[in-house]
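Asker: Have a look at the structure that comes next, please.
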Amino acid sequence: MRFLKSVWVAGILTCAAMLSMPSHKLEAQELTDEQIEEGQRFVVNNAIFILFHEAGHMLVSEFNLPVLGREEDAVDALSSVLLLGAEDEELNTTIQDAADGWFLLDEANEDGPQDDDFMGTHGLDRQRAFAIVCMMTGADAEFFKVFADSLEFPEERREECVFEYQKARESWMSLLAANMKEGAKTKFKVSYQPAGNEDLQGFADLLKSAGALETIATAFGEGYNLKGGIKITGKTCGVENAFWDPEAREITYCYEMAAFHAELIANWFANQGSEEAAGDDGASDETEATTVKLKKKKE
Ligand SMILES: [Zn+2]
């Protein structure tokens with residue numbers, strides 16, 4: 001099983017040339033160019049969201065911000081507010097892919113990562129995903145309408161979410177205000193360490209070429225009164241993990257996490273493919289059985 005999955009993942013990682021695999025291996029590795037692109041984007045965007053989450057821990061720790069309730073949930077709200085407030089459409093897509101990530105994770109729950117910071121200390125992934133959807137639709141109901149519709153996110157909730165988002169935004173912004181400084185610049189040390197194995201190196205290369213770690217250095221490199229020298233490191237850890245280490249002042253993103261997300265999306269493509277194949281000549285059956293709507297982004 002592991003092997004089949006890694007074939008899939010290879011499909012996402014590499015160029016179309018990889019795809020002319022002998023058909024007996026799996027009908028499935030015929031990922032289209034579009035799927036490969038979508039899969040890569042999914043992996044990168046989930047990495048960026050996770051990095052924003054860890055950067056949220058960084059801000060809480062570096063600025064000694066008071067946190068009410070679970071820090072994990074607080075940091076999710078903080079990173080959502082920062083991503084959504086970035087007024088950058090690409091980052092809006094980032095958060096949408098991240099929310100998709102949680103719905104996929106919910107479906108694949110059994111073999112999901114259990115004991116890392118990013119997922120382990122959270123309750124239900126589904127619950128967490130809906131909390132983020134609430135931030136999204138609260139921030140921009142229009143932009144995320146199609147997405148929220150695809151999840152059948154209730155109208156009354158959407159109205160409440162406008163206020164919930166505003167409240168989250170205002171309280172985080174007032175906490176951050178004391179730690180913002182016009183014109184302040186912070187230098188981060190970004191590094192992509194060699195993965196040490198071929199499979200994960202593909203992910204290291206993907207993240208590097210997308211500038212995933214640099215996104216954090218850019219987003220937090222200006223305007224925050226942070227001491228320089230914070231490290232942002234991509235590496236092989238031995239677990240699917242991502243974390244902020246306050247002693248080392250380092251955000252670490254483990255390449256295994258990217259491999260995990262590639263598996264999630266690849267399996268989703270596989271399930272989609274088999275559903276289509278099961279339909280009558282693939283003709284009219286709407287594939288509404290899946291709860292994840294990966295392509296519901298507003299044009
Ligand atoms: Zn966390």
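Computed from the coordinates by the stated procedures, all read-outs in this text should not be read as laboratory data. Quantities reported herein were computed from a predicted structural model and do not represent experimental measurements. Cβ coordinates were reconstructed from backbone atoms using ideal geometry, including for glycine residues, and neighbour counts include every protein chain displayed.
Asker: Less than 10 Å Cβ to Cβ from GLY138, Lys/Arg counted +1 and Asp/Glu -1: what total charge do the surrounding residues give?
Answerer: So the surrounding residues net to 0.
Asker: Going through the stretch 184-253, which GluC sites (Glu not before Pro) have at most 10 other Cβ atoms within 10 Å and a DSSP loop state?
Answerer: Answer by residue number: GLU247.
Asker: By the gyration tensor of its Cα atoms, with a ≥ b ≥ c the square roots of the eigenvalues, what is the shape of the stretch 45-277: rounded for a/c under 1.5, prolate for a/b over b/c, or oblate?
Answerer: Judged from the Cα gyration tensor, the stretch 45-277 comes out oblate (a/c at least 1.5, b/c at or above a/b).
Asker: Rounded to whole Å, give me the distance from the Cα center of the stretch 172-251 to that of the stretch 31-85.
Answerer: So the separation of the two Cα centres works out to 11 Å.
Asker: Here is a follow-up. Of LYS145/LYS167; LYS145/LYS235; LYS167/LYS187; LYS167/LYS189, which ones are farther than 27 Å apart at the Cα?
Answerer: From the list (LYS145/LYS167; LYS145/LYS235; LYS167/LYS187; LYS167/LYS189), the Cα-Cα distance tops 27 Å for LYS145/LYS235; LYS167/LYS187; LYS167/LYS189.
Asker: Here is a follow-up. Under unit Cβ charges (Lys, Arg +1; Asp, Glu -1), what dipole magnitude, rounded to 20 debye, does the stretch 45-277 have relative to its Cα centre?
Answerer: Here the stretch 45-277 has a charge dipole of around 1260 debye.
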